[in-house]
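One structure below.
The values are calculated or read from the model by the stated rules, or taken from the named source; none is laboratory data. The structure presented is a predicted model; accordingly, all values stated were derived computationally and were not measured. Cβ placement follows ideal geometry from the backbone for every residue including glycine, while neighbour counts extend to all protein chains displayed. Note: areas computed on protein heavy atoms with side chains; ligands, DNA, RNA excluded. Shrake-Rupley method; radii C 1.70, N 1.55, O 1.52, S 1.80 Å.
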Amino acid sequence: MPGQPWPVLGSTALTLAVAASAGLVAALATFRAADKPPRRAAALVGVPVAVASLALWWVARYSAAYPFPDYGGLHVLAGWLALAFVVLAAQVGLAAYAFARWQLVAGPVAAFAAVTATWYYFLRIGGETDVLWLWAALAAPVLLAATALTVGIEYGARRAAGQVEA
């Protein structure tokens with residue numbers, strides 16, 4: 001049916017399992033980077049997650065032999081890829097930063113949720129348009145805001161309780 005995405009892996013359950021596994025890896029990477037300086041932790045976790053996620057987007061489309069839509073030229077596609085990279089790195093980087101700096105439990109939880117949602121979305125292709133620009137324009141800002149809100153709420157609560165410093 002036109003407009004209906006389908007799972008590249010063949011089933012929704014397998015797609016969700018792979019996405020959740022990637023989310024778990026991101027959360028564990030956030031824990032592992034906690035002994036690093038916060039900015040370095042953000043880069044050490046955010047950049048590889050962004051690269052792996054965009055590679056997944058490409059592999060899913062390539063393996064399904066689903067043609068790339070006309071983005072209006074390579075420069076437009078490069079713009080969407082750059083935006084997606086920055087937002088992906090920011091989502092997980094913010095989570096890793098918060099955990100490395102203040103040991104906020106919301107960091108790994110937010111990393112898990114953002115990566116799981118993104119990979120689930122990227123592993124479902126088809127329909128009448130491509131998921132990259134839809135994700136970058138619609139889902140990514142929501143995921144980034146949810147990450148910031150989750151981390152911000154825990155930071156505010158722990159700061160009010162005197163458990164963290166600015």
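Tell me, yes or no, whether the stretch 16-30 has at least one residue that is closer than 23 Å to Trp80 by Cα and either open to solvent by 50 Å² or more (accessible area, probe 1.4 Å) or modelled with pLDDT under 95 (or both).
no
Are any of the residues in the stretch 75-91 open to solvent by 50 Å² or more (accessible area, probe 1.4 Å), of a type outside the set (Val, Ile, Thr), at pLDDT 85 or above and outside any helix (DSSP H, G or I)?
Taking every residue of the stretch 75-91 in turn, none turns out to be open to solvent by 50 Å² or more (accessible area, probe 1.4 Å), of a type outside the set (Val, Ile, Thr), at pLDDT 85 or above and outside any helix (DSSP H, G or I).
Of the residues Ala52, Ala96, which is open to solvent by less than 50 Å² (accessible area, probe 1.4 Å) and either in contact with a Gly (Cβ under 7 Å, 6 or more places away or on another chain) or in contact (Cβ under 8 Å) with a residue 40 or more places away in the chain (or both)?
Just one listed residue meets the conditions, Ala96.
Residues of the stretch 134-166 being in contact (Cβ under 8 Å) with a residue 40 or more places away in the chain and either touching a Leu at 6+ places or on another chain (Cβ under 7 Å) or open to solvent by 40 Å² or more (accessible area, probe 1.4 Å) (or both), which ones?
Within the stretch 134-166, Ala136, Pro141, Leu144, Thr147, Ala148, Thr150, Val151, Ile153, Glu154, Tyr155, Arg158 meet the criteria.
Quick check on Val131: is it in contact (Cβ under 8 Å) with a residue 60 or more places away in the chain, of a type outside the set (S, T, N, Q) and over 24 Å from Arg39 (Cβ atoms)?
So Val131 fits the description; yes.
Could you tell me whether the stretch 123-130 includes any residue that is on the phi < 0 side of the Ramachandran plot, at pLDDT below 95 and in a helix (DSSP H, G or I)?
No, the stretch 123-130 contains no residue that is on the phi < 0 side of the Ramachandran plot, at pLDDT below 95 and in a helix (DSSP H, G or I).
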